[in-house]
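Trainee: The structure that follows is given in the form of structure tokens.
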Amino acid sequence: MIDIKKVGIIGAGQMGSGIAQVCAQAGYTVIVFDQSAQAVADSFERINKGITRSVEKDIITADAGEKARTLLVPAASASDLADCDLVIEAATENEDIKKAIFKAVSEHLKPEAILASNTSSISITRLATASDRPGKFIGLHFMNPVPVMKLVEIIRGIATDAETYEAAVRFAESLGKITANSQDYPAFIVNRVLIPMINEAIYTLYEGVGTVEAIDTAMKLGANHPMGPLELGDFIGLDTVLAIMNVLYDGLSDSKYRPCPLLVKYVEAGWLGRKTGRGFYDYRGDKPVPTR
């Protein structure tokens, strides 16, 4: 079984930054690559703040925090990932983009390296076909925010070999995570249950059953959810919610997974949630205000 010491991260957004942070805090050398050099710079700033929070919350010591920072290395090109034992893709939830990444990066990796996707919904079996190593390809779906959430879903494609699966479980556990094995079906476990709930909450708003505030209050106080479903959709990103609903709708051909037209309209408007300043709430002021 491969001994994972150096981890590559492709995609320097919120998820890639979170994965890089927990890997560095666990003692792995982490190489972060993105097509945008500015995205990598922004990612390192985000990671540094995250490490500081971990120290302040006594999750790690100050010395461990400083060591974690020294383990983070920016990559100028995909070829800088050549020595990695494990490479995790954390790009946007788009199958064509992910396949292009796997095709491009495969040629740079050593034969024994494991290639993983952080996809939250797309078939691992299909993604693996874009690589040169289906047997060493696996799904490692971290939850957001990565430094806080304990779960990692592990998804084997039809060609994933046992050694790769065992190495993936061992790696996730070394980060202090708890693993759940999912079969390779659309949206896996968490998002198969969670995202249709958010979509149904949007239908509830669309049909006038309740306001944004009423729906979120009802689910927080009536179902003991820490965050209302519309607020959660904004946190995840409404474009991601729509992408996962489309994967479910296309993959399972069941009308219950039809994306709500209001969700589609918000995405078309560019109102994607917290990351754009507006979604079902407007975040541009001192306090979030419902947009409907």
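Trainee: Looking only at helices (runs of 4 or more DSSP H) that fall completely inside the range 175-292, which ones have 1 or more residues that are over 17 Å from the mean Cα position of the chain (by Cα), modelled with pLDDT under 95 and not assigned by TED's automatic domain parsing to the domain that holds Val152?
Mentor: Because the criterion is at least 1 residues that are over 17 Å from the mean Cα position of the chain (by Cα), modelled with pLDDT under 95 and not assigned by TED's automatic domain parsing to the domain that holds Val152, the helices (runs of 4 or more DSSP H) in the range 175-292 that meet it are 238-252.
Trainee: Within the range 78-112, track down each residue that is in contact with a Leu (Cβ under 9 Å, 6 or more places away or on another chain) and polar (S, T, N, Q).
Mentor: The one that is in contact with a Leu (Cβ under 9 Å, 6 or more places away or on another chain) and polar (S, T, N, Q): Ser106.
Trainee: I'd like the full set of residues that are buried (at least 24 other Cβ atoms within 10 Å of the Cβ), within 14 Å of the chain's Cα centre (by Cα) and either more than 19 Å from Ser36 (Cβ to Cβ) or among the small types (Gly, Ala, Ser) (or both), limited to the range 81-115.
Mentor: Selection gives Ala90 alone.
Per-residue answers, yes or no, for (1) touching a Leu at 6+ places or on another chain (Cβ under 7 Å); (2) β-branched (Val, Ile, Thr); (3) within 15 Å of Val22 (Cβ to Cβ):
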position: Ile114; (1), (2), (3): yes, yes, no
position: Thr125; (1), (2), (3): no, yes, no
position: Gly135; (1), (2), (3): no, no, no
position: Ile138; (1), (2), (3): no, yes, no
position: Met149; (1), (2), (3): no, no, yes
position: Arg156; (1), (2), (3): no, no, no
position: Asp161; (1), (2), (3): no, no, no
position: Met197; (1), (2), (3): no, no, no
position: Glu200; (1), (2), (3): no, no, no
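Trainee: Moving on. Which residue, of Thr240, Thr291, is under 16 Å from Arg192 (Cβ atoms) and touching a residue at least 24 places away in the same chain (Cβ under 8 Å)?
Mentor: Answer to the selection: Thr240.
Trainee: Using the structure shown, decide if Asn118 is in the same structural domain as Ile97 (by TED's automatic domain parsing), of a type in the set (S, T, N, Q), within 30 Å of Glu56 (Cα to Cα) and modelled with pLDDT under 95.
Mentor: When the stated conditions are applied, Asn118 does not pass them.
Each row is one residue, and each column tells you yes or no for (1) at pLDDT below 95; (2) hydroxyl-bearing (Ser, Thr, Tyr).
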position: Ala78; (1), (2): yes, no
position: Ala104; (1), (2): yes, no
position: Thr125; (1), (2): no, yes
position: Gly135; (1), (2): no, no
position: Asn144; (1), (2): yes, no
position: Arg156; (1), (2): no, no
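Residues checked against (1) more than 24 Å from Ser117 (Cα to Cα); (2) touching a His at 6+ places or on another chain (Cβ under 9 Å):
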{"site": "Thr52", "(1), (2)": "yes, no"}
{"site": "Ile60", "(1), (2)": "yes, no"}
{"site": "Asp63", "(1), (2)": "yes, no"}
{"site": "Ala68", "(1), (2)": "no, no"}
{"site": "Ala78", "(1), (2)": "no, yes"}
{"site": "Leu86", "(1), (2)": "no, no"}
{"site": "Glu93", "(1), (2)": "no, no"}
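Trainee: Scan (1) in contact with a Ser or Thr (Cβ under 7 Å, 6 or more places away or on another chain); (2) closer than 21 Å to Asn118 by Cα; (3) without any contact (Cβ under 8 Å) to a residue 60 or more places away in the chain for the single condition Gly233 breaks and write down its number.
Mentor: It fails just one condition, (1).
Trainee: Any residue that is under 20 Å from the mean Cα position of the chain (by Cα) and closer than 30 Å to Gly251 by Cα - is there at least one of those in the range 71-80?
Mentor: No - not one qualifying residue is present in the range 71-80.
Trainee: Within the range 14-31, is even one residue free of Cβ contacts under 8 Å to residues at least 40 places away in the same chain and either surrounded by fewer than 17 Cβ atoms within 10 Å (Cβ to Cβ) or of a type in the set (A, V, I, L, M) (or both)?
Mentor: Within the range 14-31 (the criterion being free of Cβ contacts under 8 Å to residues at least 40 places away in the same chain and either surrounded by fewer than 17 Cβ atoms within 10 Å (Cβ to Cβ) or of a type in the set (A, V, I, L, M) (or both)), the answer is no, since none of the residues qualifies.
The values are calculated or read from the model by the stated rules, or taken from the named source; none is laboratory data. Small disclaimer: the values here were computed from a predicted structure and weren't measured. We place every Cβ from the backbone using ideal geometry, glycine too, and count neighbours over all the protein chains shown.
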